[in-house]
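To start, the structure under review is shown below, and the notes come after it.
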Amino acid sequence: MEQYVIKGGKPLSGEVEIGGAKNAALAIIAAAIMTDETVIIDNLPNVRDVNVMLGAMEDIGVHIERINEHRVKVNATTIGRLSVDYEYIKKIRASYYLLGALLGKYKKAEVALPGGCDIGSRPIDLHVKGFRSLGAEVDLSYGLISVNAKRLIGKHIYMDKVSVGATINIMMAATLAEGKTIIENAAKEPHVVDVANFLNSMGANIRGAGTDVIRIQGVSKLHGTEYSVIPDQIEAGTFMFAAATTKGDILVKNVIPKHLEATTAKLIDAGCQVVEYDDAVRVIGRNKLMATQVTTLPYPGFPTDMQPQMTVVLALADGVSTVNESIFENRFKYVDELARMGANIQVEGNIAIIRGVEKYTGARVSAPDLRAGAALVIAGLGAEGITIVDDIYYIQRGYENFDEKLRGLGAVIERTDSEDQIEKFILKVS
Ligand code: EPZ
C-alpha cells in the first residue's frame with residue numbers, strides 16, 4: 001500500500017500544467033468503439049481509471065494502441081464480445097459508458113454494475129429509464145446490467161434529476177438511434193459538451209450540449225476521427241486550492257478559465273487573488289482567509305468534486321463557513337481525518353459547519369475517496385509538521401503524477417510504500 005508523506009508549511013509557488021479531463025476521457029474512449037474506423041484520442045490523462053477502461057475495452061477485443069502516454073489509437077472492428085465483466089471494471093463508475101456505446105452500436109450489451117468512489121448511494125435509474133425510453137429492454141441481475149434492443153427509436157426524455165452520467169449515456173445511445181431524441185433537464189458540465197463535440201466529429205448530429213435541452217438526430221453510422229480531450233477542471237481547481245491553503249502563488253496552465261468560474265468566485269470570496277489569462281489562471285493566496293458559504297450544484301454551480309478541497313481552505317478561514325453538499329449524501333467522510341489535523345468541522349446532514357482554525361498540524365490520515373484524498377494532501381501541504389496520507393490508490397485514479405507536479409511547485413512530498421521509507425523521508429526532512 002502506497003502513501004504520500006508530506007512535510008508541510010511551505011507556500012507553493014510556480015507553474016503547473018493541467019492534463020486532460022478524466023471524466024471526459026472516460027466517456028470519449030468508450031464512445032470510440034461506436035465506429036469501425038480508427039479513432040485517435042489525444043490529451044488523455046494517464047490515470048488509473050482511464051487505464052482500467054482501456055483494459056476493459058481490450059478485454060472484449062477492441063484494438064488499443066498507445067501511441068504515447070497521452071495519445072491512443074482505438075479500433076473496434078475486432079470486438080469479439082458485448083459482455084464486459086473485466087475484473088477491474090466494477091471499480092470504476094464510468095464502466096456504464098460502455099453500455100450506452102455498445103447499445104448504440106450493437107443494440108446489445110452487458111456490463112458489470114458500476115462501483116466507483118463511495119460518496120453516496122449512486123443509483124443508475126436514470127440511465128435505465130433513458131435506455132428503456134429508446135426502446136431497450138434492461139435487466140439488472142447477477143451483478144450485471146444487460147441491455148438489448150431490436151431497434152433504438154428516438155424519444156423525448158425528461159431527466160428527473162440532473163445527471164452527468166445518464167445524460168452522456170443516453171446521448172451516446174441516441175446518436176445511433178432512428179429519429180430524433182430530445183433530452184430535457186440535461187447536465188451542462190464541460191465534459192458533456194466535450195463528449196458531444198467528439199461524437200459530432202465522428203458524424204453524429206447533436207445540438208444543444210451545454211444547455212439543458214440536448215437534441216440528437218440519429219445517424220446510421222459514425223466514422224473515424226482525431227480528437228483532443230479538454231483540460232481537467234477538477235485537477236486545475238485542486239491546484240488552485242493548494243495555492244490558497246499554503247498561501248502560495250501558483251500559475252495553473254492549460255485550463256479553460258470559463259470552466260473554473262465557480263471555483264474562482266469562491267476563492268475570491270475567501271480572500272484570494274485570482275488572475276485569469278486566456279488559458280491559465282493564477283491564484284495568489286493570502287495570509288488571512290475569510291469564511292464563506294458554499295453549496296455544491298450541477299454546472300455552472302460549484303462542483304461537488306471540488307467540495308473537499310474547498311472545505312480544506314475554509315477550515316483555515318477566519319469565522320464560520322458552511323458547505324452544503326447537495327449532490328451526494330456521503331461526501332463528508334474525510335472530515336474526521338481533517339479533524340485529526342486540527343480542523344473544527346461539524347457535519348449535520350449534508351451541511352458542514354466549519355469554524356476556522358489558525359493552522360493544521362500534521363497527522364497520519366487516510367484517503368476515503370479520490371477528491372477527499374487530494375484534499376487531505378493539500379491540507380498536509382499547509383500543515384505544520386509531517387502528514388502521511390494512506391490509501392493513495394484513490395488519488396491515483398484521477399490525478400496524474402500528483403506528487404511530481406506538487407514537487408515542481410516546491411512541495412516536500414514523496415510517495416512511499418513501506419514504513420521504512422516513511423522513516424527515511426522523515427529523517428531526511430527533519
Ligand atoms: C460524475 O458522476 C462524475 N464521474 C463524478 O466524478 C462527479 O462527482 C459527478 O458526475 C457529479 O458531477 C464520472 O464522470 C465518471 P451524476 P455521475 O449522475 O455521472 C443522482 C470524481 O471525483 N443520480 O451526475 O455518476 C446521483 O445519485 C467523480 O471524478 C440518480 O439519482 O454523477 C447524484 O445525486 C466522483 N440516478 C446526482 O444524480 C441516476 O441514475 C448526480 O450524479 C444517476 C444519478
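The values are calculated or read from the model by the stated rules, or taken from the named source; none is laboratory data. Everything numeric here is computed off the predicted structure, so don't read it as measured data. When we count neighbours, we look across all protein chains shown, and the Cβ atoms used for this are built from the backbone with ideal geometry, even at glycine. Please note that ligands, DNA and RNA were not included when accessible areas were found on the heavy atoms of the full protein model with its side chains. Shrake-Rupley method; radii C 1.70, N 1.55, O 1.52, S 1.80 Å.
In terms of distances greater than 32 angstrom between alpha carbons, the cross-link table entries K91/K428; K7/K73; K7/K253; K7/K333; K90/K161; K7/K266 yield K91/K428; K7/K73.
Note that the stretch 113-265 shows a convex hull volume over its alpha carbon atoms of 136 Å³ per residue.
Where Lys and Arg each count +1 and Asp and Glu each count -1, what net charge lies around A280 among other residues with Cβ under 10 Å from its Cβ?
Details: positive: K253, R282; negative: E15, E17, E276, D278, D279.
Summing Lys/Arg as +1 and Asp/Glu as -1 gives -3.
Taking the Cβ of A136 as the centre, find all other residues whose Cβ is under 15 Å away and add up their charges (Lys, Arg: +1; Asp, Glu: -1). Provide the component values of the computation, followed by the final result.
Working: positive: K105, K107, K108, K129, R132, K150, R151, K155; negative: E110, D125, E137, D139, E178.
Here the count lands on +3.
Projected over all directions and averaged, the alpha-carbon convex hull of the stretch 131-205 occupies 5.4 nm². For the stretch 172-262, compute Rh as the Kirkwood radius over C-alpha pairs and then the Stokes-Einstein diffusion coefficient at 37 °C and 0.692 mPa s; write the answer in µm²/s, rounded to an integer. Estimated diffusion coefficient is 219 µm²/s.
Pairwise Cα separations in the chain fall into 20 Å bins from 0 onward with the following percentages, short to long: 27, 55, 18, 0. Semi-axes of the equivalent ellipsoid of the stretch 250-387 are 22, 18, 14 Å, computed as sqrt(5λ) over the eigenvalues of the C-alpha gyration tensor in descending order.
Evaluate the relative contact order of the stretch 322-414 (contact order divided by residue number), counting alpha-carbon pairs under 8 angstrom at least 6 apart; express in whole percent. All intermediate terms of the calculation are to be shown ahead of the outcome.
Working: 135 pairs, mean separation 21.3, N = 93.
In percent, rounded to a whole number, it is 23.
Take every pair of alpha-carbon atoms less than 8 Å apart whose residues are at least six positions apart; their mean separation over the length of the chain yields a relative contact order of 20 percent.
With N the number of residues in the stretch 295-352, Rg(Cα) / (2.2 N^0.38 Å) evaluates to 1.06. Taking the longest Cα principal axis of the chain as reference, the axis of helix 22-31 is set at about 10 degrees. Assuming charge only on the beta carbon of Lys and Arg (+1) and of Asp and Glu (-1), the dipole of the stretch 5-85 about its Cα centre is about 380 debye to the nearest 20.
Packing around the peptides 197-208, 226-237, taken as the average count of other Cβ atoms within 10 Å per residue, puts them in this order, highest first: 226-237, 197-208.
Computed from Cα atoms, the angle from the helix 190-201 axis to the main principal axis of the chain rounds to 30 degrees.
Output the peptides 212-221, 256-265, 41-50 sorted from most to least packed, where packing is the average of other Cβ atoms within 10 Å over each peptide's residues.
The densest-packed peptide leads the list: 41-50, 256-265, 212-221.
Under a model in which nothing but the beta-carbon of Lys, Arg (+1) and Asp, Glu (-1) is charged, the stretch 247-363 shows a dipole of about 300 debye around its Cα centre.
Quote the charge dipole size of the chain about the Cα centre in Debye, to the nearest 20; the model charges only the Cβ of Lys and Arg (+1) and of Asp and Glu (-1). Intermediate results must be reported in sequence, preceding the final value.
Numbers: 46 positive and 53 negative charges, 161 e Å.
Rounded to the nearest 20 debye, it is 780 debye.
Relative contact order of the stretch 240-301, please, whole-number percent, based on alpha carbon pairs below 8 angstrom and at least 6 residues apart.
Details: 98 pairs, mean separation 24.4, N = 62.
Relative contact order comes out at 39 percent.
Here the stretch 60-145 exposes an accessible surface that is 51 percent carbon and sulfur, computed with a 1.4 Å probe and the other protein chains kept in place. When the helices of the chain are scored as -39500 (n - 2.57) per DSSP H run of n ≥ 4 and the total is divided over every residue, the value at 222 nm lands at -9000 deg cm²/dmol. Here the convex hull built on the C-alpha positions of the stretch 30-122 has a volume of 90 cubic angstrom per residue.
Sorting the Cα pairs of the stretch 310-418 by distance into bins of 5 Å, from 0 upward, gives 2, 12, 23, 25, 19, 12, 6, 1 percent per bin.
If we count every other residue with Cβ under 12 angstrom of I206's Cβ, Lys/Arg +1 and Asp/Glu -1, where does the sum land?
Details: positive: K180, R207, R215; negative: D194.
Local charge sum for I206: +2.
Please identify the trypsin sites (Lys or Arg not before Pro) of the stretch 151-192 that satisfy two criteria: DSSP loop assignment and at most 16 other Cβ atoms within 10 Å. Which are they? Don't skip to the end; give the middle numbers.
Working: sites: R151, K155, K161, K180, K188; in loops: R151, K155, K161, K188.
Those that pass, being in a loop and sparsely packed, are R151, K161.
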